[in-house]
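Notes follow the structure.
What follows is calculated from the coordinates using simple rules that are stated; it is not laboratory data. Just so we're clear, the structure is a prediction, and the values are computed from it rather than from any experiment. Please note: Cβ atoms are built from the backbone with ideal geometry, for glycine as well, and neighbour counts cover all protein chains shown.
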Amino acid sequence: MTLARFVRKNAFRNKRRSILTVLSIGFSLLLLTFMMTIWRAFYIDEGSAESTQRVIVRNKVSLVFSIPAYYREKIRALPGVKSVVPERWFGGTYKDANKEKQFAQFGTDPQELFSVYRDFHIPQDQLEAWQRDRAGCVVDADLAKQHGWKVGDRIFIKGTIFPFDLELTIRGIFTAPAKTETLYFDNTYIEEAYKPVKGMVGFYGVLADSPQSVPQVAKAIDAEFRNADRATKSESEKAFGLGWIAMMGNVKAFILSICAAVVFATLLVSANTIAMSIRERTREVSVLKTLGFTRRTVLGLFIGEAVSVALAGGLLGVIATPGLIWLMAQSPQGGFFFSNIKITGMTVLVAMLAAATVGFVSAFVPAYHASRGNIVEGLRHIG
Amino acid sequence: MAVPISYNIRNLVLRKGATVMTALGIALTVATAIFILALLAGLRDAFTTSGDPNNVLVLRKGSNSELAAGGVDRDAMQVIRDLPGIARNSQGDPMVSGEDILVIVLPRLDGTGETNVTVRFLTSQGIQMRPEVKLAAGRWFTPGQREIVVSKSVHQRFGQANIGDSIWIGKGPWQVVGIFDSGGSAHESEVWADVNQLASDFDRTTYSSVLIRATDQLSANALKNQVTDDQRLKLNGMLEPDYYAQQTSTGGPIKFVGFVVAFVMAVGSCFAAMNTMYAAVAYRSREIATLRVLGFSRPSILTSFVLESLMLALLGATVGIVLMLPFNGMTTGTSNPVTFSEAVFSLRMTTRVVMSATIFAVVMGLFGGMAPAWHAARQNILNALRG
């Protein structure tokens, strides 16, 4: 019998206990992997190649304030800028104002929207149809599926921020690399229906010529309008998104404290199991030592046992994570965010490493004591 | 006959290591649950205790937020002032306050980036209509000056918010001249300034909202309907508490993720408790058989072990509650989806939160203890005595 086989046999000797431990560690590791996946999506992921090339320009005071429409041509003239498109949040409610069925609506320029958002795809004839119709709109393919819309359908959106309602005809359906839940319509509609915002836009989406030039482009734009009537704040699309996350509260501390609690709980579970199993085997350990196994080997055997149980739990947790993300994506509240995140190889690796470390640390103290114990005392032990 | 509880207590004490580790595991789960529940309780508190039932908030029709384009114009304001049932102040003027809302960005002091803060522009009349708001330091703003008064939590959480500092709003710097205590209402997240100064800075001819103080609750309801039904006004009136109550959707993401986290952790803890209890049962199989021989029935053995598991869970719950006590009252903020700005609130470990967390632990103890207790009660006496 090899040592590895000995470890495996012992690790699953008490089947019920091992299964319960694996399940318990598995659930904790599921949470850990899940939290790390969210962390990755928020703070590490770069986004699509096209997304890293985009800059969002908004009013320096706050996104709630608009910026002048004449900035557009000035931004376009700056070096490194390829395309500029204005966008304005309409914030209306669709149909019965049912919260779960709401989506974003932006007033924009149909001529240039898809040259800034080059990772969005729309059939050419639909795009042209939209560009010809001022009361037309284009919708995300997922959104269209969800509401059962097709090209030519009319939709009615009630204004809440603006004192008028939108009556739009769907002219096209676009696909995006990630779920957007967005409807775009012609900003002229807003300008004509509500004069006070004429000549103003909410923010600009700017396409830089390469991801490397994004910081310079952002800096150049802000410098251009530093002393203008309304100063701007420009940042990469990713940074802009992080701003929204930061507004949700101290998300980093929230995720980190949950991860810490989970790891500590796993440690307790694993330590408890290994302590129980070592206590039961005090006599066996003495027999092993009598047979000539060194302290080091005995220590290694127990640690090996704990690490394999923890790894089995970790594996279970990692395998279950995509399932949990899928479940979250089905829910109305989390669907938008969770359908866009994926577990990566790196996250899996870190989770498995965490499991192995927990197994190792939890077993060390009890196993060390067992390996150091007095042989004669141990043989006398009545378990 | 029931097995005495002292038997279970002694067993828990005897197996110290396993008891402590399992209880700590449950304690961590309970602490997480308390954290999430306390956050939600604090949020709910900030919004449901806000607003006076005698106050009617008037917004443009179709709008559900004070942060909407085009609100109440000055003509409509005149019509509103003449409505019946409006309370009058000591000078005999109707208590009506035209207000405006802006959102500005301030850097957080703890270095976690910047966030949106609501600036409410109002008159001294508007301040009088919110008696729960009191000046804590400095003075109120002077009409016609670019002066602002910040709430206590804005003062504590953001840079540039000490008395004497200035914050850039629109066309120029506004000086901080005072700090107010909102008495736990939703104004805790706000900055206040003079509405007339704003109107001249921004050329605003409309108010984003109007607050009316009614003489009593009956007239408040009547005023609400009158404003809403008046075809000339195109306005919508609602009772102030109702307005804030609809904002409790704030914190939706916390609630959603929090419940998932608590649930998954609870399942993990259940398995851990089950493990400990199975070990306890296995360890004592001869004892249990002896108890049976002595005449203790199966149901009483079952009850005894379930009770032991419950005690373990309650011990965990107590530790978890104690662990979380230092966090009670801690202030934090999250984004309010209605006003697009930060809503400040504190963690509140109310009796309800503590009770729910305890029940949560009891459920874990029940699930963890049921199967092992069943196993203990069902085992064969003769085999166990021999084993």
Exercise for the section: Convert 10 °C to kelvin, take the viscosity as 1.306 mPa s, use the Kirkwood radius over C-alpha pairs of segment A:210-265 as Rh, and evaluate the Stokes-Einstein diffusion coefficient in µm²/s, rounded to a whole number. Expected result: 113 µm²/s
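Per the helix-only calculation at 222 nm, which mean residue ellipticity applies to chain B, given -39500 (n - 2.57) for every DSSP H run of n ≥ 4 and division by its residues, nearest 500 deg cm²/dmol?
Numbers: 13 runs with 191 residues, N = 387.
Taking each H run of at least 4 residues, the total per residue is -16000 deg cm²/dmol.
Add +1 for every Lys or Arg and -1 for every Asp or Glu among the other residues with Cβ under 12 Å from the Cβ of A:ALA239, and state the total.
Numbers: positive: A:ARG54, A:ARG58, A:LYS233, A:LYS238; negative: A:GLU46, A:GLU235, A:GLU237, B:GLU114.
Taking every Cβ under 12 Å from that of A:ALA239, the sum is 0.
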Fill in the blank from the handout: For B:ASP100, A:ASP229, ascending order of other Cβ atoms within 10 Å (fewest first) is A:ASP229, B:ASP100
Completion exercise
In degrees rounded to 10, the 0-90 angle between helix A:251-280 Cα long axis and the longest Cα principal axis of chain A is 20 degrees
Exercise for the section: Can you check what the net charge comes to around B:GLN156, using other residues whose Cβ is under 11 Å from the Cβ of B:GLN156 (Lys, Arg +1; Asp, Glu -1)? Expected result: +1
Handout entry: Coordinate range along principal axes, alpha carbons of chain A, Å, largest first
Key = 94, 45, 33
Fill in the blank from the handout: With Cα springs under 10 Å, the Gaussian network model of chain A assigns the largest mean-square fluctuation among A:SER62, A:SER51, A:SER308 to A:SER62
Fill in the blank from the handout: So for R0 = 35 Å, FRET eff. of A:MET346-A:ASP209 from the Cβ-Cβ r, to 0.05, ends up at 0.70
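What is the diffusion coefficient of segment B:171-243 in µm²/s, taking the Kirkwood radius over Cα pairs and the Stokes-Einstein relation at 4 °C with a viscosity of 1.567 mPa s?
85 µm²/s
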Exercise for the section: In square nanometres and to one decimal, what's the mean projected area of the convex hull around the Cα atoms of chain B? Expected result: 24.4 nm²
Practice task
Taking only Cα atoms and a 10 Å spring cutoff, compute GNM fluctuations for chain B and point out the largest among B:ALA317, B:ALA41, B:ALA76.
Solution key: B:ALA76
Problem - Convex hull volume per residue for segment A:44-100, taking Cα atoms only, in Å³ - result: 177 Å³
Exercise for the section: Please give the contour-minus-distance gain from B:ASP165 to B:ASN328: 0.36 nm per residue of separation, less the Cα-Cα distance, rounded to one decimal in nm. Expected result: 55.6 nm
Handout entry: Hydrodynamic radius of segment A:123-224 per Kirkwood, over alpha carbon pairs, in Å
Key = 15.8 Å
Exercise for the section: Give the calculated FRET efficiency between A:ARG230 and A:LEU291 to the nearest 0.05, with a Förster radius of 60 Å applied to their Cβ-Cβ distance. Expected result: 0.10
Practice task
Tell me the label-point distance for the pair A:LYS95, A:ARG16, using the 7 Å Cα-to-Cβ offset, in nm and rounded to one decimal.
Solution key: 5.2 nm
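Please say if segment B:105-215 is rounded, prolate or oblate, where rounded means a/c under 1.5 for a ≥ b ≥ c the square roots of the C-alpha gyration tensor eigenvalues, and otherwise the choice is prolate for a/b larger than b/c and oblate otherwise? Intermediate values should be presented prior to the final figure.
Working: a/c = 1.63, a/b = 1.21, b/c = 1.35.
Oblate shape, in that a/c is at least 1.5 and b/c is the bigger or equal ratio.
How much of the DSSP beta bridge set in segment B:117-274 is antiparallel, as a percent to the nearest 5? Mind dumping the intermediate values first?
Values: 11 of 21 bridges.
Of those bridges, close to 50 percent are antiparallel.
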Exercise for the section: May I ask for log10 I(q)/I(0) of segment B:24-106 at q = 0.13, 0.14, 0.16, 0.27 Å⁻¹, from a Debye sum over the Cα atoms as equal point scatterers with solvent left out? Expected result: -0.67, -0.73, -0.85, -1.30
Exercise for the section: Pop a pseudo-label 7 angstrom from the Cα along the beta-carbon direction at both A:ALA356 and B:LYS234 and give the gap in nm to one decimal. Expected result: 6.9 nm
Completion exercise
Residues whose built amide H sits under 5 Å from the amide H of B:PHE180, excluding neighbours closer than 5 in sequence, are B:ALA136, B:VAL150, B:SER151, B:LYS152
Handout entry: Whole-Å semi-axes of segment A:57-195's equivalent ellipsoid (Cα gyration tensor)
Key = 24, 19, 14
Completion exercise
Simple SL model, points at 7 angstrom along Cα→Cβ for A:GLU73 and B:ASN380; separation in nm is 9.6 nm
Completion exercise
The computed P(r) of segment B:283-387 puts the percent of Cα pairs beyond 24 Å at 50 percent
Practice task
Treating cross-link reach as a plain straight distance, find the lysines whose alpha-carbon is under 25 Å from the alpha-carbon of A:LYS289, omitting any fewer than eight places away in the same chain.
Solution key: A:LYS9
Exercise for the section: Quick one: among B:MET330, B:MET277, B:MET129, which has the greatest mean-square fluctuation in a GNM of chain B with alpha-carbon springs under 10 angstrom? Expected result: B:MET330
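Can you give the local net charge around A:ALA370? Use residues other than it whose beta-carbon is closer than 9 angstrom to its beta-carbon, Lys and Arg +1, Asp and Glu -1. Mind showing how you got there, number by number?
Details: positive: A:ARG279, A:ARG281, A:ARG372; negative: none.
Net charge in that neighbourhood comes out at +3.
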Problem - Overall dimensions of the protein assembly as shown by Cα: Rg and Dmax, Å - result: 32.0, 101
Completion exercise
Only helices counted: for chain A, with every DSSP H run of 4 or more residues adding -39500 (n - 2.57) and the sum spread over all residues, [θ] at 222 nm is -17000 deg cm²/dmol
Exercise for the section: Report the Stokes-Einstein translational diffusion coefficient (µm² s⁻¹, integer) for segment A:245-383, Rh taken as the Kirkwood radius over Cα pairs, at 10 °C with viscosity 1.306 mPa s. Expected result: 90 µm²/s
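Starting from the Cα-Cα distance between A:ARG154 and A:ASP125, subtract it from 0.36 nm times their residue separation and give me the gain in nm to one decimal. Before the final figure, lay out the partial values.
Values: separation 29, 0.36 × 29 = 10.44 nm, distance 1.85 nm.
So the chain would gain 8.6 nm between A:ARG154 and A:ASP125.
Which of the peptides A:291-301, A:261-271, B:165-175, B:299-309 is most tightly packed, and how do the rest follow, going by the mean number of other Cβ atoms within 10 Å of each residue? Don't jump to the answer; show the numbers that get you there.
On the way: A:291-301: 14.0, A:261-271: 24.7, B:165-175: 15.9, B:299-309: 20.5.
So the peptides A:291-301, A:261-271, B:165-175, B:299-309, ranked by packing, come out A:261-271, B:299-309, B:165-175, A:291-301.
Could you list the square roots of 5 times each eigenvalue of the Cα gyration tensor of segment B:208-259, that is, the equivalent ellipsoid semi-axes, sorted largest first and rounded to whole Å?
Working: eigenvalues 189, 35, 14 Å².
In descending order the semi-axes read 31, 13, 8 Å.
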Practice task
Can you tell me the 0 to 90 degree angle between the C-alpha axis of helix B:298-324 and the longest principal axis of chain B, rounded to 10?
Solution key: 40 degrees
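Give, in nm to one decimal, the length gained when the segment between A:ASP165 and A:ALA239 is fully stretched (0.36 nm per residue of separation minus the Cα-Cα distance).
Numbers: separation 74, 0.36 × 74 = 26.64 nm, distance 3.23 nm.
Length difference between fully extended and current span is 23.4 nm.
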Problem - On Cα atoms only, tilt of A:214-224 relative to the major axis of chain A in degrees - result: 40 degrees
